[in-house]
Structure formats: C-alpha cells, structure tokens
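*Asks:* Here it is: the structure, laid out below.
The values are calculated or read from the model by the stated rules, or taken from the named source; none is laboratory data. What you are looking at is a predicted structure, and each value in this text was computed from that prediction instead of being measured. Methodologically, a virtual Cβ is constructed for each residue, glycine included, from the backbone with ideal geometry; neighbour enumeration extends over all protein chains shown. Just so you know, the surface numbers come from the protein's heavy atoms only, side chains and all, with ligands and any DNA or RNA stripped out. Shrake-Rupley method; radii C 1.70, N 1.55, O 1.52, S 1.80 Å.
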Amino acid sequence: MFRLKSLLCFIALLVLPIVSANVAKAANGGMQLEGVNISGAEWGESNIPGTFMVHYIFPTNAEIDYFSAKGMKVIRVPISWERLQPQANGSFDAAYLGRLDAVINYASAKGLKTIIDLHNYGAYRNSTLGVPGGQPNSILANFWQQIAQRYNSNSKVIYGLMNEPVGGSMTSTTWLATAQTAINAIRATGSTNLILVPSTYWGHPINFVELNASVMINVTDPGNNFSYDVHQYLDYDGSGSHTDVLSPAASAATLSSFTAWLKAHNRTAFLSEIGVPASAAAQDSLGAMLKYMHANAAQWDGYTYWSAGPWWQSYMFGVEPVNGQDTPQMKTLIANLGSTPAPTPTPEPAP
C-alpha cells in the first residue's frame, strides 16, 4: 500500500505542472472585465508630439467617476507610442508618462482596472514591426519591459500589446514572433499582470479562426496569464464605419466559431472594441452579443466598448454622456452587466 501511494504521489508530481497550467488558463474568463474605452491620448497622430489639450487629451477623474458609478470594472486607455517613447529604446517622456500614471492611479483607487492599449497598428513611426525593412521586434520588447517595470506592483494594470497590428508584409507568423518577444520581455521583469495578445488582419474573431488560429495557438506565456484580444463591430463588414447593424442572432454568430475554438483549446479572449449606433435595433443586437458572451463566460474575460471620451460626444457609437444623460448604448451596457441570461438560441451562420 505504501509503495502504491508513493507511486501515485510521484505520478501526481509529474502531472501537476500540466494540470496547474490548464487550471490557470481556464481560470481566466468569467466576464469579470466589463467596461469602456476612454479615447483621446492617441489622437492627433499627424501631430507628434503634439500639444496636450489641443491635439490629444487623457481621461479625466470625472469621466472615471462616471463610468465607475455606472458599474464599469475596466477602462481601456489608448496611447501613442511615439509620444510616450520619442526614441526607440529610449526613456519615456516624463509629462506624457505622468498623465498616464495619474489615470492609472485614480482608476485603481476607484477599484477599476486599466488596460494600457498601445494604439499603434503594429508600427513605430509608420514603420511596421518584425518585417523585412521594418522595425526590429526588440523595440517593442523594450517598450513593454519599461512599462512592466513601472507597473508590475499594480495588479489592476493590464498590458494590451498592440491595437490592430496590420501593415506591409506582416503575417500571422511575423506577428507571432513580434508578440512573443514582447511577452517574454514582460515576464522577464517578474510581471504577473494579464497580457492581451491580438492577432493580425484587424483582429476580427472570424479572421482569427480562418487566418490566425493555426499560428497564434503557439503563443507561450511563462506567466500563464494571457488572453487573445479581438475586435468586433456589428455593421455588415465589421469595420465599425457604417450605421447598418446585423440581426441579434447574426451578431452573436460573429463570435461563435471563435468561442468554439477557445473552448476546444482551453483559451480565453477579451473583446477590446465593439460599437453600434443608437437605434433600437442596434441595442437589441448589442444586447444579444453581450448575453452570448455571458452564456460563454468561461471563454470570455469581458469587453471594452468603443468609445468614450469628451471628444467623442457626436460619435455615432459613443457612450460619452450627452448633457449628463446616458446614451442608448450606455443603457444597453448597464442592462447587461454581470447578466446570467437564459440559454441563447443557436446563432445564424457567421456573415
């Protein structure tokens, strides 16, 4: 009996790292992160470095107060790489960094998490990362190493590696190498913070399955705390540039094949951009998508709606309050916070 117990313990020790890794990965998800983008610090890309309050802005305490009071748990703050780090591999600009610090510190004190969103489309100074003739992957690693060294002690900070990496001869293979270099640099600092890893081809879930999945499944994270980062707008082409909207069933279906892939591979994801116009039909579709995500919460960390920010008050998808009033989209987000919906009908095939 003693020998049998010893053998079982030995086998358990061999298997434990594998089981622990799977449990840790499965422990992500749960729709714990529901919130909004607060855009502005990335504005004025044709004016670098630009002038604060003229070409770009940062979220204010009042905005953070508003969204916190509405039940939001996370804000995504798009930033400009060139403003924060004027020279590749160089030190950070003190003024821009100070404004980012102020947002993170205030949001953290309110109990909100903050996603630092490097809103650069896979490039630095208009030169694509990780491709022949482009920028070396090492400069992205340097950026995230400095970020991680600064914010590692704050578990409420989330690292969004890159917004919508595209461009030039970038492929899923070149982007995987770029992203992996940045992940390794973050973890080398001792960071345990959540990392959001996007894919190329605009980050649409259906594009992930069709064009990225076979490569991006190879993401490795020594800290075992990452999720895939995707975007899905509900107009006909998913671009977020039209006022038409998919039906509720079709809206949920935009996520269905990707959700199945996540489940099959024990992975999780975060929807960092979604937006719809103010029509009643659009609210039905947005609500259907959010209910679908809650119904599949093991695969989804949550979302950040696009977008808030004082320069977005006339934006067709906006959730910045107008004259102190919630927009229709904001009301839909509030109505679906932490929901535990009834089983959703089988969605229509993805468009």
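*Asks:* Which condition breaks for Val276 when tested against (1) free of Cβ contacts under 8 Å to residues at least 60 places away in the same chain; (2) closer than 19 Å to Val197 by Cα; (3) outside any helix (DSSP H, G or I)?
*Replies:* (2)
*Asks:* Something else now. Restricting the first residue to segment 152-166 and requiring it to be over 30 Å from Asn207 (Cα atoms), which pairs with a second residue that is part of a loop (DSSP other than H, G, I, E, B) and open to solvent by less than 10 Å² (accessible area, probe 1.4 Å) meet a Cβ separation below 6 Å and a spacing of at least six or different chains?
*Replies:* Cβ pairs passing all conditions: Asn152/Ser191.
*Asks:* Go through segment 176-217 and give me each residue that's in a loop (DSSP other than H, G, I, E, B), buried (at least 16 other Cβ atoms within 10 Å of the Cβ) and either at pLDDT below 95 or not hydroxyl-bearing (Ser, Thr, Tyr) (or both).
*Replies:* Hits for segment 176-217 are Asn193, Leu194, Thr200, His204.
*Asks:* Would you check which residues across segment 54-77 are within 23 Å of Ile334 (Cβ to Cβ) and either in contact with a strand residue (DSSP E or B) (Cβ under 8 Å, 6 or more places away or on another chain) or buried (at least 21 other Cβ atoms within 10 Å of the Cβ) (or both) and list them?
*Replies:* The answer is Pro59, Glu63, Ile64, Phe67, Gly71, Met72, Lys73, Val74, Ile75, Arg76, Val77.
*Asks:* Then there is this: Kindly indicate whether Ala27 is hydrophobic (A, V, I, L, M, F, W, C) and either out of contact with any His (no Cβ under 9 Å at 6 or more places or on another chain) or at pLDDT below 95 (or both).
*Replies:* For Ala27, the condition - hydrophobic (A, V, I, L, M, F, W, C) and either out of contact with any His (no Cβ under 9 Å at 6 or more places or on another chain) or at pLDDT below 95 (or both) - is met.
*Asks:* Select from segment 38-49 the residues that are assigned to a loop (DSSP other than H, G, I, E, B) and buried (at least 16 other Cβ atoms within 10 Å of the Cβ) and write down the one among them that is modelled with the lowest pLDDT.
*Replies:* That would be Glu45.
*Asks:* Next question, about the same structure. Residue check, Ala308 against (1) open to solvent by less than 10 Å² (accessible area, probe 1.4 Å); (2) within 19 Å of Gly238 (Cβ to Cβ), all met but one. Which one?
*Replies:* (2)
*Asks:* Output yes when any residue across segment 218-226 is of a type in the set (Ser, Thr, Tyr), in a helix (DSSP H, G or I) and more than 22 Å from Lys331 (Cβ to Cβ), and no when none is.
*Replies:* Within segment 218-226, not a single residue is of a type in the set (Ser, Thr, Tyr), in a helix (DSSP H, G or I) and more than 22 Å from Lys331 (Cβ to Cβ).
*Asks:* State which residue is nearest to Val157 (Cα to Cα) when the search covers only segment 124-145 and only residues that are open to solvent by less than 10 Å² (accessible area, probe 1.4 Å) and touching a helix residue (DSSP H, G or I) at 6+ places or on another chain (Cβ under 7 Å).
*Replies:* Per the criteria, the residue is Trp144.
*Asks:* Would you point out which residue out of Asn207, Asn224 is in contact with a helix residue (DSSP H, G or I) (Cβ under 6 Å, 6 or more places away or on another chain) and without any contact (Cβ under 8 Å) to a residue 12 or more places away in the chain?
*Replies:* From the options Asn207, Asn224, the qualifying one is Asn207.
*Asks:* Here are the criteria: (1) modelled with pLDDT under 95; (2) assigned to a helix (DSSP H, G or I); (3) not polar (S, T, N, Q). Tell me which single one Pro347 does not satisfy.
*Replies:* Answer for Pro347: the failing condition is (2).
*Asks:* I would also like to ask the following. For a quick check of your reading of the model, give me the residue pairs whose first member lies in segment 238-252 and is assigned to a loop (DSSP other than H, G, I, E, B), whose second is at pLDDT 95 or above and hydroxyl-bearing (Ser, Thr, Tyr), with beta-carbon atoms closer than 6 Å and at least 6 apart or on different chains.
*Replies:* Gly240/Tyr233; Val245/Ser285; Leu246/Ser285
*Asks:* Take the conditions open to solvent by 50 Å² or more (accessible area, probe 1.4 Å), more than 20 Å from Glu164 (Cβ to Cβ) and not small (Gly, Ala, Ser) and apply them to Asp284. Does it pass?
*Replies:* Judged against the criteria, Asp284 is a match.
*Asks:* Please determine, by comparing only the residues of segment 79-123 that are more than 21 Å from Gly309 (Cα to Cα) and in contact with a Gly (Cβ under 7 Å, 6 or more places away or on another chain), which one is surrounded by the most Cβ atoms within 10 Å (Cβ to Cβ).
*Replies:* If we take residues in segment 79-123 being more than 21 Å from Gly309 (Cα to Cα) and in contact with a Gly (Cβ under 7 Å, 6 or more places away or on another chain), then Gly122 is surrounded by the most Cβ atoms within 10 Å (Cβ to Cβ).
*Asks:* For the structure I just gave you, tell me whether Asn323 is polar (S, T, N, Q), exposed (fewer than 15 other Cβ atoms within 10 Å of the Cβ) and more than 18 Å from His242 (Cα to Cα).
*Replies:* yes
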